[in-house]
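These notes are about the structure you will find just below.
The values are calculated or read from the model by the stated rules, or taken from the named source; none is laboratory data. Everything numeric in this text was worked out from a predicted model, so none of it was measured. Every residue, glycine as well, gets a Cβ built from its backbone with ideal geometry; the counts of neighbours run over all protein chains shown. For accessibility, only protein heavy atoms count, side chains too; no ligands or nucleic acids. Shrake-Rupley method; radii C 1.70, N 1.55, O 1.52, S 1.80 Å.
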Amino acid sequence: MTSDTPTSDPVASGPPASGRTAIWFILATILLDAVGIGIVFPIMPDLMLRVGAASTADGAFWGGILMASYAAMQFLFAPIIGGISDSLGRRPVLLLALVTLTVDYVIMALATTFWWLLIGRVLAGIAGATYITATAYLADISRPGERAANFGLIGATFGIGFVMGPAIGGFVASFHLTAPFWLAAAFAGLNVLFGLFVLPESLAPQNRRAFRRRDLNPFGAILDAFKLPGLGLPLALIFLFEFANMVYPTLWSFWTREVFGWSTALIGLTLAAYGLAVAFTQGVVMRLLIPRLGEFRTLIFSILCAIVAFLVFGVTASAYVLFVVLVIAALADMAPPTMTAMMANMISEDRQGLLQGVIASLGSIAAVIAPMVMTWIFQGFAGPGAAIYLPGAPFLFSGALVLLLLPFFLRLGR
C-alpha cells in the first residue's frame, strides 16, 4: 500500500493532495474513455451502411466483427499489460494506452473502408489496458474494505461518460458522420497531457514482481488466476455474465433501429439514459447497498435484475416499457464490480494487476464470441428471410443463460 491510501470517500479530504489528484486522473481517464466509446455507438448503423452494409441486420453482423476484433486484441494483450504494470508500474502503461487510443480515433476518423475501421479497432483493443490498469491503480491506493465501493466509482464514472458520449455523438454526427471520432481523439489526447503532469506512480517498488515469460501467454495468465484459492467459480461466472451482457453494446443501436425505427439522436438519448442510470446505481446505490446487504446479497440482487431486464427487452415493443426496464438493467451492472472486489480481496497486492488483466481478458473472450453469437441470432430472427420475426431473441437468449447460472451464483455465499 502507498502512503496515499484514501479513506472511504476517495475524493474527500482524507488522502493527501497527490492521492486525490491521482484518483481524479483515474476517474478522468475512465470518463474520457467512456465518452470516446459512447460517441461511436449511436452512429454504428449509419457507419456500417456507409462502408457497404446492405441492411440493418447485415450492418449488425459487420459491426459485430469490429467488436470481436477489438475484444480479440484485448484478450491477447490484457494479461501482458497487467503483468507489465505489476513489474514496471501503472503510470507508464496508462499513458501509453492513452496515446494509442488517440491514434486509433484519428484512424477511425480518416477511414473510408471497413478494413481501415478494422485496423482502428485492433489498435483500440491493444490499448484496452486503460481500464485494466486504472482498476489496478485504484486497488493499489484503496484499503481492502473500500475496494468494492471504489471500483463502483469507476463504474459510475464510466456511466457518466456513457451519458455524455452518446448524446454528444448523436448531436455531433448531425454535422458530419466522422466528427465524433475527431472529438474522441481530442479528449484522449488532452487526457495524455493531464496524466503527464498530475499522475504519480501507485505501485511501490517493493510491491512489484518480475515480468515472467509466462505473462506473454494470455492462457497461462488465466490458468494462473484460476489456480488461486477460491477464484475458479467467480472467474467462470463473471465470464459468462459478461458474455450475456454483451447483447447490449453489440445490438442496442441495431435493435432499436429495427424495432422502433429510431434516429441516431434518439438511439444516443436512450444510451445516455442508460449511462445516467448506471452512474447513479454504481456511484450511489451500490455504496449504500453493500454496507447494509453485504457484497453477496448485493450481487444476487443485481443478477435477478439482469434476468428480468433481459427477458422483458426480449419481448417488448413499447418504448415506455423500454425506458422503465433501463433502470432495472442499470441495477444489474452492480454485478461485475462487486464480483471484482470480492476476488481482489482474496489475493495479495502483487497480484492485483494480474487479476484485473485476467478479468478483462475473460471479458474479452466473451466479447469475441458474443457478437458473433448475438448477431447470428439477430440475423436469424430479424433478417429478411426470418421464419419467425423476433428481433428481441438475443435478449431472451441472454436471460435464459443468466437464469441457468443463478444456482451457481448462490453458491458463492458459501
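Could you list, in sequence order, all residues of the stretch 88-123 that are surrounded by fewer than 17 Cβ atoms within 10 Å (Cβ to Cβ), at pLDDT below 80 and in a helix (DSSP H, G or I)?
Matches in the stretch 88-123: L88 only.
Of these, M342, M372, which one is within 23 Å of F77 (Cβ to Cβ) and either modelled with pLDDT of 85 or more or surrounded by fewer than 24 Cβ atoms within 10 Å (Cβ to Cβ) (or both)?
On the way: M342 fails: within 23 Å of F77 (Cβ to Cβ).
When all the criteria are applied, what remains is M372.
Tally up the residues in the stretch 313-338 that are surrounded by fewer than 24 Cβ atoms within 10 Å (Cβ to Cβ), β-branched (V, I, T) and touching a residue at least 40 places away in the same chain (Cβ under 8 Å), please.
3
With the checklist (1) surrounded by fewer than 22 Cβ atoms within 10 Å (Cβ to Cβ); (2) β-branched (V, I, T); (3) in contact with an Asp or Glu (Cβ under 7 Å, 6 or more places away or on another chain) in hand, flag the one item V278 doesn't pass.
With (1) surrounded by fewer than 22 Cβ atoms within 10 Å (Cβ to Cβ); (2) β-branched (V, I, T); (3) in contact with an Asp or Glu (Cβ under 7 Å, 6 or more places away or on another chain) applied to V278, the lone miss is (1).
Could you list, in sequence order, all residues of the stretch 254-301 that are under 30 Å from G413 (Cα atoms), in contact (Cβ under 8 Å) with a residue 60 or more places away in the chain and among the small types (G, A, S)?
G275, A277, A279, G283
Report yes if F408 is open to solvent by 10 Å² or more (accessible area, probe 1.4 Å), of a type outside the set (D, E), assigned to a helix (DSSP H, G or I) and modelled with pLDDT under 90, otherwise no.
Working: open to solvent by 10 Å² or more (accessible area, probe 1.4 Å): yes; of a type outside the set (D, E): yes; assigned to a helix (DSSP H, G or I): yes; modelled with pLDDT under 90: no.
Taking the combined requirement at face value, the residue does not satisfy it.
If you take the residues of the stretch 281-308 that are farther than 27 Å from A400 by Cα and open to solvent by 40 Å² or more (accessible area, probe 1.4 Å), which of them is farthest from the chain's Cα centre (by Cα)?
Filtering the stretch 281-308 for residues that are farther than 27 Å from A400 by Cα and open to solvent by 40 Å² or more (accessible area, probe 1.4 Å), the one farthest from the chain's Cα centre (by Cα) comes out as R292.
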